[in-house]
1. Measuring from the lowest to the highest alpha carbon on each principal axis, how far does region 111-169 reach, largest first, in angstroms?
2. Determine the equivalent ellipsoid of region 38-114 by diagonalising the alpha-carbon gyration tensor, then write out the semi-axes as square roots of 5 times the eigenvalues, largest first, rounded to whole Å.
3. Quick check on the exposure proxy: order ILE212, ILE167 from fewest to most C-beta atoms within 10 angstrom.
4. From the backbone phi of region 64-74, what are the Karplus-calculated ³J(HN,Hα) couplings (6.51 cos²θ - 1.76 cosθ + 1.60, θ = phi - 60°) in whole Hz, Gly and Pro given as x?
5. Which aspartates and glutamates, if any, have their Cα less than 19 Å from the Cα of LYS350, not counting same-chain residues under 8 positions apart?
6. Once you order the gyration tensor axes a ≥ b ≥ c over the Cα atoms, which shape class does region 1-139 get: rounded for a/c under 1.5, otherwise prolate or oblate by comparing a/b with b/c?
7. Order these peptides, 17-25, 173-181, 44-52, by their mean beta-carbon neighbour count within 10 angstrom, highest first.
8. In percent, what relative contact order does the chain have, based on Cα pairs under 8 Å that are 6 or more apart in sequence?
Amino acid sequence: MAVYGILCTGMYYFNTEYISVGVNLMYKFLIAAVLVLISIIYFLIRTELNRMTLLVRYSGILLMPHLVMLIGSLPLWVFNMQPGNVIRRGLFTQLYGMTIVLAMAGLLYVFGHRAFWLNLYAMIAANLITIAEVIRENGFNAYWEELKTLVTTFAGETGELMEEVEIHELTFAVQIMILLLILQFRELHRFRSYYPCLILALFCYLSGFKRIGIASLAAAILLFVIIEILDRGKEKHRWLTVFLAVAAVLLAFGYIAAVRGGIFDYLEEHFELDTMGRSYLSDLIGQYYTLSPAYLGQGAGWVSRFFDNEDWTIKALHNDILQVYIDMGFWGFWAWMIAYLPFRVRSIQKIQGRKGGLICLCVTVCVLITGMTDNTIYYTYVTGAVSMAVMSYQFEALAEKQDFGYRGQLL
């Protein structure tokens, strides 16, 4: 476990560092690949088909959006004659996500339910190391004062030290783990690690405080509570979870239409809301797409490379839902969204039952909400956190029910 713990901590600590071998390979990708490799070796030494069968099913479900993105982008890259740097960006973004999904599956195979805690320990440790480095250089009092200002102003004022400890990708990943700790309170609170991890995770999360994060966290918890009240712990409302997943897809498209219609301009003019340049970004990118079935897309990586301009201070669109639409086009967007939400929720629900499907829905909706104003959908750490949240639910109990036949529902 010590080896896995060190590797996972390194994976979360080295957020932006990379090695150049003709192409730039991020350390977090290489470490995730090592985790996959040693987990495969462990499987060959200690073969447990029940666990592997369940993890193969989970991996197929979770990897589907990445496969849709890659397969759908191939003709778009060719048709639009995209340069190599666009193709590489699109390809490696998906490969990073696919690798960390498999790394989380590897952790679960080796450690069972303990994999959830190991992964959370690593996230917290990596975050605390970064915070400790800032405190060592500037002093605890300076850090504490800026943290209080950040929280009390609801992220309205962000000091220099808070910017140093703010790791967007890891902050949003920690948010997913906090959400899971709350949604699975009944199942997880009996573990000794529960309250210490929750407290430390909240401390790390507040250090990277994001307003959209708080909103998405609250929305996901509220969604869970409402459905639990309606269902009263029974299995009769499985259809409601899938219906809401489909509704979320429609709302995502509606959000794109609202952005196209100038919602950020409206918010700035009528409510004096600071959209942090998102109005400008939406206007800038608006000339490159249309809301029409005739719009086929540019291919994965195009939007990311478009904003990767050395002369620009803003390096991303800060709207992953719109980015998926521009990259994949009208039809590709619907295919990706269906794979990302309704297909995933329905498939997980078949395996885990109503509550497992509901947890999957809430976690995924949380990511989509943050994706409205940030880049969370493409974040490697967030992809890993979602994968762990989905796969770890009653993992060992469900693994024992595998029949190796893939003949339909288990529950």
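1. Result for region 111-169: principal-axis Cα extents of 41, 25, 17 Å.
2. 32, 12, 9
3. Fewest to most other Cβ atoms nearby, the residues stand as ILE212, ILE167.
4. Once θ is set to phi - 60°, the couplings for region 64-74 become 4, x, 5, 5, 4, 4, 5, 5, x, 7, 3 Hz.
5. Cross-link targets: GLU228, ASP231, GLU235, GLU396, GLU400, ASP403.
6. Taking the square roots of the gyration eigenvalues as a ≥ b ≥ c, region 1-139 is oblate.
7. For the peptides 17-25, 173-181, 44-52, the packing ranking is 173-181, 44-52, 17-25.
8. Relative contact order, the chain: 26 percent.
Just so you know, all these numbers are worked out from the coordinates, no wet-lab data involved. Note that the structure is a prediction, hence the values are computed from the model and not measured. Counting neighbours? That spans all protein chains shown, and the Cβs are built from the backbone with ideal geometry, glycine included.
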